[in-house]
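*Asks:* For reference, the structure I am asking about is given below.
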Amino acid sequence: MFYRETGEFRTSYPNDSQTFPIKFDRRLYYIMLFAAFGVIPFLINDYWANAVFVPFLIWAMAALGLNLLTGYCGQISLGTGGFMAVGAYACYKLMTAFPEMSIILCIMFAGVITALVGILFGLPSLRIKGFYLAVATLAAQFFLVWLFNKVPWFYNYSSSGQISAPERTVLGVAVTGSFTEAWAKYLFCLTMVFVFAWVARNLTRGAIGRSWMAIRDMDIAAEIIGVNPMKAKLSAFALSSFYIGMAGAMFFANYLGAIEATEAFGINQSFLVLFMIIIGGLGSIAGSFIGAAFLVLMPVLLKNILVGQMGWNTAIATHLEFIIIGGLIVLVLIVEPHGMAQLWRVAKEKLRLWPFPHAS
Amino acid sequence: MEIENVTLRFGGVTALKDVSFDILEGEICAIIGPNGAGKSSMLNVINGFYHPDEGQIRFRGEHRPTLPPYRIAHMGIARTFQNIALFRGMTTLDNVMTGRVTRMRPNLMKSMLWWGSAEREESENREFVERIIDFLEIQSIRKTLVGRLPYGLQKRVELGRALAAEPSLLLLDEPMAGMNVEEKEDMSRFILDVNDEFGTTIALIEHDMGVVMDISDRVVVMDYGRKIADGPPDEVRNNQTVIDAYLGVQHD
Ligand SMILES: Nc1ncnc2c1ncn2[C@@H]1O[C@H](COP(=O)(O)OP(=O)(O)O)[C@@H](O)[C@H]1O
Ligand SMILES: [Mg+2]
């Protein structure tokens, strides 16, 4: 009986199209925001930041990006790892070339550069779809990683072939480099992801998002009612790559600090992000977060329980992780193609009608 | 709009053979004929999805060059489809709002921040769309995914999406196929109201001769890709060729 929209009236269209029209959802959202910004920063330590929270936030950013392209616009991509690499290397080049530039701007410009690369590799989508497009983006993945290993200019001719992030501060607090404290790293990533999740929500609830979804649901009808397919697809590639580029930049600068392209941004990462949005929910902002949380948390949890508590060896635990992820994806695809976000939506629908399951 | 000597071929099949007729401003023009006569193909040529192999389309007195379909939508031509072509993953409201695409100029930056003109444009268009929703009496399914709606309502939402573009020419491909009498009456009323209130020119394909005779100002009859008659409903009904080719025989 507690989940109700009765008695809540919306008296204007902006009011009706707000993100959380139902009070219960709105409260839940505020509570989570309060915990994320007001509680966790005080409790967090290095282990929790590096094993759970920071990777969760960065993968959520990447999942948001891929969800714009695949979940909203229906264009499949296996190039996520490659685009993250573009973001990371662009960020590195910007940080070293312009030491005075704010790290926030570096990350955003890295996103813009990745967006341009994304448009370039999105061009095939104007001609091909589905499986063939996936193969084309796979080519992008391999080409980009190869490029960053092959051309020394990208890693400033360093002898190790690695790139490493110099220290940068925001408001006097270090957020990159080896002296960064856990809470600063966490709060920086949280703020970035929070702001851009809100931007993603704005994009998807307006005219631009509708033209993406129209292309996804029926591209021919979309074109006949006036959606310019080239504009819709390339803007989806651009914005998706913008997010993924920023995620790559943060993965490098804030999280790992030093990386090498093949290791950090291989094809595995492309699949990981794809699994996140499939499990979390295609075409859902919340789903991007749920999927990222799930795939970041599960290995940590399994390792703690199986290796830590029960004394299994690590290799077996890792295999079990693969089995669970694989099984889950198959299960989600069969049972609920819209992912966990949809399960939550269905649960809420049931709650609204409770205790009268057939009223509606 | 003038259709002049249009011929359309698919490989060996000639779907349209030297078809010419006019659609006059403000009229309701019905296209009838047996299945496979080329009626849908005719609409597809008019809205630029197919390009004629011979002949031309003149729109507002000028030759219309070969353009991609979305450009033609921007010229004020909207349509519905014989097999419903709604965006199934979107709500009724979003489907109809998508019909406003030719009327909206979203600015990327402002849309990202949901700021100023972005929010205003969205609200203004929402207001217009709500009027269409009221007009079509689909208020209660506003937030329902269209994939879950029954067939008759889907047809209505599709009409709403086409109307949202405020088209000057509206093409309806069998808007009443598969409907019961009551639903057909509703749909006929909507079509007449649209024509009356907004002065929208309408070209529709319909098999129900009762409906055709009631609502259309002019009837074009097609058979085997050719136009065999063209005129006011009464005249066409008594035309011997039409009776032989279409009205006399059983059809669905
Ligand atoms: N895309 C297509 N490819 C090949 N043949 C087609 C295509 N579209 C229509 N046709 C052919 O054109 C003819 C006319 O079809 P259509 O315009 O759908 O008829 P109607 O709408 O009057 O029933 C049919 O013989 C059909 O097989
Ligand atoms: Mg047809």
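*Asks:* Applying the selection to segment B:69-80, what residues are part of a loop (DSSP other than H, G, I, E, B) and facing chain A (nearest Cβ under 7 Å)?
*Replies:* Passing the criteria: none in range.
*Asks:* Follow-up. If only one of B:35, B:47 is within 10 Å of ligand 1 (Cβ to nearest atom) and either surrounded by fewer than 21 Cβ atoms within 10 Å (Cβ to Cβ) or under 16 Å from residue B:171 (Cα atoms) (or both), which one is it?
*Replies:* After applying the criteria, what remains is B:35.
*Asks:* Somewhere in segment B:103-114, is a residue over 24 Å from residue A:197 (Cα atoms) and surrounded by 21 or more Cβ atoms within 10 Å (Cβ to Cβ)?
*Replies:* No - not one qualifying residue is present in segment B:103-114.
*Asks:* Of the numbered conditions (1) touching a strand residue (DSSP E or B) at 6+ places or on another chain (Cβ under 6 Å); (2) closer than 30 Å to residue A:211 by Cα; (3) among the aromatic types (Phe, Trp, Tyr), residue A:72 fails exactly one; give the number of that condition.
*Replies:* Status for residue A:72: all satisfied but (1).
*Asks:* Here's a follow-up. If I go through segment B:20-43 residue by residue, how many of them are in a loop (DSSP other than H, G, I, E, B), in contact with a strand residue (DSSP E or B) (Cβ under 8 Å, 6 or more places away or on another chain) and either polar (S, T, N, Q) or within 10 Å of ligand 2 (Cβ to nearest atom) (or both)?
*Replies:* Number of matching residues: 3.
*Asks:* I'm trying to understand the selection: among the residues of segment B:146-168, which are in a helix (DSSP H, G or I) and aliphatic (A, V, I, L, M)?
*Replies:* B:146, B:153, B:157, B:159, B:162, B:163
*Asks:* Please go through segment A:171-186 and pick out each residue that is farther than 18 Å from residue A:57 by Cβ and touching an Asp or Glu at 6+ places or on another chain (Cβ under 9 Å).
*Replies:* The answer is A:177, A:178, A:179.
*Asks:* Taking segment B:157-199 as the region of interest, how many residues are of a type outside the set (D, E, K, R), within 16 Å of ligand 2 (Cβ to nearest atom) and in contact (Cβ under 8 Å) with a residue 60 or more places away in the chain?
*Replies:* 4
*Asks:* Among the residues of segment B:9-32, how many are within 12 Å of ligand 1 (Cβ to nearest atom) and among the polar types (S, T, N, Q)?
*Replies:* 1
*Asks:* Sticking with this structure for a sec: Could you list, in sequence order, all residues of segment B:183-197 that are of a type in the set (Phe, Trp, Tyr) and either in the same structural domain as residue B:151 (by TED's automatic domain parsing) or touching an Asp or Glu at 6+ places or on another chain (Cβ under 7 Å) (or both)?
*Replies:* If the condition is that a residue be of a type in the set (Phe, Trp, Tyr) and either in the same structural domain as residue B:151 (by TED's automatic domain parsing) or touching an Asp or Glu at 6+ places or on another chain (Cβ under 7 Å) (or both), then no residue fits.
*Asks:* Need a quick list: helices (runs of 4 or more DSSP H) entirely within segment A:221-299 having at least 3 residues that are surrounded by fewer than 24 Cβ atoms within 10 Å (Cβ to Cβ) and away from every other protein chain (no Cβ under 14 Å).
*Replies:* By residue number, A:261-264, A:267-280.
*Asks:* Six or more apart or on different chains, Cβ under 9 Å: which pairs go from a residue in segment A:145-161 that's at positive phi to one that's part of a helix (DSSP H, G or I)? Could you list them?
*Replies:* A:156/A:92; A:156/A:93; A:156/A:96; A:161/A:149; A:161/A:152; A:161/A:155; A:161/A:261
*Asks:* In segment A:190-220, which residue that is at the interface with another protein chain (Cβ under 8 Å from one of its Cβ atoms) and hydrophobic (A, V, I, L, M, F, W, C) is farthest from residue B:97 (Cα to Cα)?
*Replies:* Result: A:199.
*Asks:* Give the residues of segment B:115-125 that are surrounded by fewer than 19 Cβ atoms within 10 Å (Cβ to Cβ) and either within 7 Å of another protein chain (Cβ to nearest Cβ) or assigned to a loop (DSSP other than H, G, I, E, B) (or both), sorted by residue number.
*Replies:* B:115, B:116, B:119, B:123
*Asks:* Okay, moving on. Which of the residues belonging to segment B:200-229 are out of contact with any Ser or Thr (no Cβ under 8 Å at 6 or more places or on another chain) and either more than 16 Å from ligand 1 (Cβ to nearest atom) or free of Cβ contacts under 8 Å to residues at least 12 places away in the same chain (or both)?
*Replies:* B:202, B:210, B:213, B:216, B:217, B:218, listed by residue number.
*Asks:* Among the numbered criteria (1) closer than 16 Å to residue B:73 by Cβ; (2) away from chain A (no Cβ under 12 Å); (3) outside any helix (DSSP H, G or I), which single criterion is violated by residue B:179?
*Replies:* (1)
*Asks:* Same structure again: Out of all the residues in segment B:129-153, which are within 11 Å of another protein chain (Cβ to nearest Cβ) and surrounded by 15 or more Cβ atoms within 10 Å (Cβ to Cβ)?
*Replies:* Scanning segment B:129-153 gives B:129, B:130, B:142, B:144, B:145, B:146.
*Asks:* Output the residues belonging to segment B:45-62 that are within 16 Å of ligand 2 (Cβ to nearest atom), farther than 11 Å from residue B:75 by Cβ and assigned to a loop (DSSP other than H, G, I, E, B).
*Replies:* Answer for segment B:45-62, where residues must be within 16 Å of ligand 2 (Cβ to nearest atom), farther than 11 Å from residue B:75 by Cβ and assigned to a loop (DSSP other than H, G, I, E, B): B:49, B:50.
*Asks:* Quick check on this structure: which one of A:286, A:315 is without any contact (Cβ under 8 Å) to a residue 60 or more places away in the chain and over 29 Å from residue A:338 (Cβ atoms)?
*Replies:* So the residue among A:286, A:315 that is without any contact (Cβ under 8 Å) to a residue 60 or more places away in the chain and over 29 Å from residue A:338 (Cβ atoms) is A:315.
*Asks:* Inside segment A:1-29, can you point out the residues that are at pLDDT below 75, away from chain B (no Cβ under 12 Å) and surrounded by fewer than 13 Cβ atoms within 10 Å (Cβ to Cβ)?
*Replies:* A:1, A:2, A:6, A:7, A:8, A:9, A:11
The values are calculated or read from the model by the stated rules, or taken from the named source; none is laboratory data. Note that the structure is a prediction, hence the values are computed from the model and not measured. Cβ atoms come from the backbone with ideal geometry, glycine included; neighbour counts cover every protein chain shown.
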